[in-house]
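First comes the structure, then the notes that go with it.
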Amino acid sequence: MKKESKSLTEFQKMVILFVIYSFIGWICEEIFALFYVHDFIKRGFLFGPICPIYGYAAIILIVLFSDYKDKPIRLFLISAIIFSVFEYVVDFFLQAMFASKWWDYTGQFLNLNGRITFSFSIIWGIGSIIFLKYIHPVVKKLVEKILKNIPIKFIQILANTFIILIFIDTLASAIHYLEIF
């Protein structure tokens, strides 16, 4: 008889990390807004407490650019470009679909159509280095330690539940912003 696998698939691990980093991104957005606007305001597209753009950025970094963590100049340049393009495309799509702006860099130095700006491109580059070199190794180790003490079936159910909840939240948010109901 074959022994049952007692580990998560790579996809399930990525789902867990996506949710964690999307939540951390949401917290950072809230702190940023609190610091600059001096009030709690709804940040991001979804109703729930996650900003998927950060989750996607984290997964892209982990999957595609982990090999560059010891090559900071290359990582900085690639990340600054890739994530600026990503930010531009996401903003373009959100504006086209929902006729709404979730961020606007108009008036900032070297902005492109208010969708991206040079300063945030620099932040994406520096942030990518910090993320791969320092943040992700700690989070990965902590998550592995926590998950090791939880039954695998429960974690698999949790990962699938996250997927369903994010899908429902995305659908509900799209309906809300499209003013369908």
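The values are calculated or read from the model by the stated rules, or taken from the named source; none is laboratory data. Given the structure is predicted, the values throughout are model-derived calculations rather than measurements. As a convention, Cβ positions derive from the backbone with ideal geometry for all residues, glycine included, and neighbour counts pool all protein chains shown.
A few remarks follow.
- A Cβ distance below 7 Å, combined with a sequence gap of six or more or placement on separate chains, defines the contacts here; from the stretch 166-181, residues that are more than 17 Å from ILE53 (Cα to Cα) reach residues that are assigned to a helix (DSSP H, G or I) in the pairs TYR177/PHE98; LEU178/PHE98; PHE181/ILE175.
This table checks each residue for (1) out of contact with any Cys (no Cβ under 8 Å at 6 or more places or on another chain); (2) more than 19 Å from SER22 (Cβ to Cβ); (3) modelled with pLDDT of 95 or more; (4) polar (S, T, N, Q).
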{"position": "LEU77", "(1), (2), (3), (4)": "yes, yes, yes, no"}
{"position": "PHE93", "(1), (2), (3), (4)": "yes, no, no, no"}
{"position": "GLN108", "(1), (2), (3), (4)": "yes, yes, no, yes"}
{"position": "GLY114", "(1), (2), (3), (4)": "yes, yes, no, no"}
{"position": "SER119", "(1), (2), (3), (4)": "yes, yes, no, yes"}
{"position": "ILE126", "(1), (2), (3), (4)": "yes, yes, yes, no"}
{"position": "LYS145", "(1), (2), (3), (4)": "yes, yes, no, no"}
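- The stretch 27-47 residues that are charged (D, E, K, R) and part of a helix (DSSP H, G or I), paired with ones that are surrounded by 15 or more Cβ atoms within 10 Å (Cβ to Cβ) and modelled with pLDDT of 85 or more (beta carbon under 6 Å, 6 or more apart): GLU29/CYS51
- Check on GLN108, over 16 Å from the mean Cα position of the chain (by Cα) and under 29 Å from THR9 (Cβ atoms): no
- Within the stretch 37-68, considering residues that are under 27 Å from LYS133 (Cβ atoms) and modelled with pLDDT under 90, the one surrounded by the most Cβ atoms within 10 Å (Cβ to Cβ): ILE53
- Residue count for the stretch 147-181 satisfying the condition of being within 16 Å of LEU17 (Cβ to Cβ) and exposed (fewer than 11 other Cβ atoms within 10 Å of the Cβ): 2.
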